[in-house]
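Since the structure comes first, as structure tokens, the remarks are kept for the end.
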Amino acid sequence: MCGRFALSASMEEMSRQFSLKESVCMVARYNISPQQMIPVILPGGKLQFMAWGFMPAWAASDVFKPLINARLETLVEKPAFRDSVRTHRCIIPASGYYEWQKTQNIKQPFYIQALDKQLLALAGIWSYRQEGAASVHTVAIITTPALPALYQIHDRMPLLLTETQIKIWLSEKKNSQEILSDCQQTNMSFSAYPVTRQLNNPHYEDKMSTVPLSY
């Protein structure tokens, strides 16, 4: 799964890498957690903030539990996701993400980033719903089986898209099977290392979160 990530890049870096058409005020974040508002890239280079915790438009908010992840393998099958994967695809930019490795009685967080430290493009889907007078946009991160280099940390990882795949994912194509086939996880080079266990607290927010742990 993917339950935490960091985004410390400047607006200029994001605009340059993802060809954004607009600029917003960005604050470096080192422990972004579910239910928080996160920046989401939509087709046409549009940037919008959405709540991380997907809610289908038809779901009752007092019954349906928000979903932070959606498994690539079942996107087309699940009623909650199949409409959004056709028409509401997006990118979640990240400097890196965290995953927890279970060893005996310890859950050790690891920080995972591109080896060249370029921003990651996490595939996502979003939904829109009206709650009273408020317009609510929610988003989930797509996950896929982990690559062999990362499997020892966790058996799942976010679906990370290449530059070519980003164009496909954000295109107007509505053939879900074709899109998912073209956007399978490709082999990438990563840097993965243990970081402070203070990240076990979702309220912990410090730039030291991404610094390698010193034993």
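The values are calculated or read from the model by the stated rules, or taken from the named source; none is laboratory data. Here the structure is a predicted model, which means the values were calculated and not measured. Glycine also receives a Cβ, built like all others from the backbone with ideal geometry; neighbour counts cover every protein chain displayed.
Test I166 against the stated conditions and say whether it is under 18 Å from the mean Cα position of the chain (by Cα), surrounded by 15 or more Cβ atoms within 10 Å (Cβ to Cβ) and part of a loop (DSSP other than H, G, I, E, B). If you could, list the steps in order and put the result at the bottom.
On the way: under 18 Å from the mean Cα position of the chain (by Cα): yes; surrounded by 15 or more Cβ atoms within 10 Å (Cβ to Cβ): yes; part of a loop (DSSP other than H, G, I, E, B): no.
The answer is no for I166.
Looking at the structure I just gave you, is L159 over 25 Å from M55 (Cβ atoms), touching a strand residue (DSSP E or B) at 6+ places or on another chain (Cβ under 6 Å) and not basic (K, R)?
Numbers: over 25 Å from M55 (Cβ atoms): no; touching a strand residue (DSSP E or B) at 6+ places or on another chain (Cβ under 6 Å): yes; not basic (K, R): yes.
Considered against the rule, which asks whether it is over 25 Å from M55 (Cβ atoms), touching a strand residue (DSSP E or B) at 6+ places or on another chain (Cβ under 6 Å) and not basic (K, R), L159 comes out as no.
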A careful count of residues in the range 39-69 that are farther than 13 Å from I125 by Cα and part of a helix (DSSP H, G or I) gives 2
Just a yes or no: is a residue in the range 151-158 buried (at least 22 other Cβ atoms within 10 Å of the Cβ), of a type outside the set (F, W, Y) and in a strand (DSSP E or B)? yes
Hey, V76 hits all of (1) of a type outside the set (D, E); (2) at pLDDT 95 or above; (3) surrounded by fewer than 22 Cβ atoms within 10 Å (Cβ to Cβ) but one; which does it fall short on? (2)
Name every residue in the range 187-202 that is without any contact (Cβ under 8 Å) to a residue 40 or more places away in the chain and loosely packed, with under 12 Cβ neighbours inside 10 Å, in order of residue number. N201
Is it the case, given these coordinates, that G45 is in contact (Cβ under 8 Å) with a residue 40 or more places away in the chain, out of contact with any Cys (no Cβ under 8 Å at 6 or more places or on another chain) and of a type in the set (G, A, S)? no
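Considering the range 115-143 alone, what residues qualify as being part of a strand (DSSP E or B) and either polar (S, T, N, Q) or over 14 Å from the mean Cα position of the chain (by Cα) (or both)? Let's see the steps before the verdict.
First, pick out the residues of the range 115-143 that are part of a strand (DSSP E or B): 120-131, 134-143.
The answer is S127, Y128, R129, Q130, E131, A134, S135, V136, H137, T138, T143.
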Single unsatisfied condition, R82 versus (1) in contact (Cβ under 8 Å) with a residue 12 or more places away in the chain; (2) more than 12 Å from I125 (Cβ to Cβ): (2)
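From the list L7, L20, L72, pick out the single residue that is over 25 Å from R156 (Cβ atoms) and in contact with a strand residue (DSSP E or B) (Cβ under 6 Å, 6 or more places away or on another chain). Even if it seems obvious, please write down each step before you answer.
Working: L7 fails: over 25 Å from R156 (Cβ atoms); L72 fails: over 25 Å from R156 (Cβ atoms).
Going through L7, L20, L72 in turn, just one is over 25 Å from R156 (Cβ atoms) and in contact with a strand residue (DSSP E or B) (Cβ under 6 Å, 6 or more places away or on another chain): L20.
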Inside the range 95-150, can you point out the residues that are at pLDDT below 95, among the charged types (D, E, K, R) and surrounded by 14 or more Cβ atoms within 10 Å (Cβ to Cβ)? R129
Anything in the range 16-38 that is more than 18 Å from G124 (Cα to Cα), under 18 Å from the mean Cα position of the chain (by Cα) and not in a loop (DSSP other than H, G, I, E, B)? List them, or say none. R29, Y30, N31
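Yes/no matrix, rows are residues, columns are (1) within 30 Å of M208 (Cβ to Cβ); (2) out of contact with any helix residue (DSSP H, G or I) (no Cβ under 6 Å at 6 or more places or on another chain); (3) crowded, with 19+ Cβ neighbours inside 10 Å:
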site: E22; (1), (2), (3): no, yes, no
site: I32; (1), (2), (3): yes, yes, yes
site: F49; (1), (2), (3): yes, yes, no
site: A59; (1), (2), (3): no, yes, no
site: D62; (1), (2), (3): no, yes, no
site: P66; (1), (2), (3): yes, yes, no
site: L72; (1), (2), (3): no, yes, yes
Are any residues in the range 162-179 aliphatic (A, V, I, L, M) and closer than 16 Å to G45 by Cβ, and if so, which ones? I166, I168, L170
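Which of the residues spanning the range 70-79 are part of a loop (DSSP other than H, G, I, E, B) and under 12 Å from G124 (Cα atoms)? Give the derivation first.
Initially, the range 70-79 is screened for residues part of a loop (DSSP other than H, G, I, E, B), giving 75-79.
Of everything in the range 70-79, just one residue is part of a loop (DSSP other than H, G, I, E, B) and under 12 Å from G124 (Cα atoms), namely L75.
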